[in-house]
1. For the charge dipole of the stretch 3-61, defined by +1 on Lys and Arg C-beta atoms and -1 on Asp and Glu C-beta atoms about the Cα centroid, which residue among I60, I4, G20 has the Cα displaced farthest towards the positive pole?
2. Could you put S18, S31, S12 in order, starting from the residue whose Cβ has the fewest other Cβ atoms within 10 Å?
3. Need one number: nm distance between label points at S32 and L47, each 7 Å from Cα along Cα→Cβ, rounded to one decimal.
4. What is the local net charge at Y35, summed over the other residues whose Cβ is closer than 13 Å to its Cβ (Lys, Arg +1; Asp, Glu -1)?
5. Using a simple spin-label model with points 7 Å from Cα along the Cα→Cβ vector, what separation in nm is obtained for I60 and C10?
6. Using amide H atoms built 1.01 Å from N in the peptide plane, name the residues 5+ places from S30, or on other chains, whose amide H lies under 5 Å from its own.
7. Give the average over all directions of the projected area of the C-alpha convex hull of the stretch 3-61, one decimal, in nm².
8. If I fit a long axis through the Cα atoms of helix 38-61 and take the longest principal axis of the Cα atoms of the chain, what angle between them do I get, 0 to 90°, rounded to 10?
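A short reminder: the numbers here are calculations on the coordinates, not readings from a lab. These numbers come from a predicted model, not from an experiment. Backbone-built Cβ (ideal geometry, glycine too); neighbour counts: all protein chains shown.
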Amino acid sequence: MKKICLRCGCNSFISDRSLGGRIVCKRCGSSSIGYKGFLSLKNKNFLYLMIIFVVFLIIIIL
Ligand SMILES: [Zn+2]
């Protein structure tokens, strides 16, 4: 899981000492950090494979 800033999409962070070592975005200073959705990417790949499979099936039938 890769961390990204939810505000600007930057993926480098620093721990702010004034906030008690809280991790904030290096670029915009935002503390709203999220995770990149690998699950949605996997689902997209699965859908792509399904489309290829269906196309192959149609070719075989014809
Ligand atoms: Zn940011």
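1. After comparing all options, I get G20.
2. Details: S18 7, S31 14, S12 10.
Listing S18, S31, S12 from fewest to most nearby Cβ atoms yields S18, S12, S31.
3. If labels sit at S32 and L47, their model points lie 2.5 nm apart.
4. Once positives and negatives cancel, what remains is +3.
5. 5.2
6. The list, which skips near neighbours in sequence, is C25.
7. Spelled out: convex hull of the Cα atoms, projected over all directions, averaged, 4.8 nm².
8. Compared with the principal axis, the helix lies near 10 degrees.
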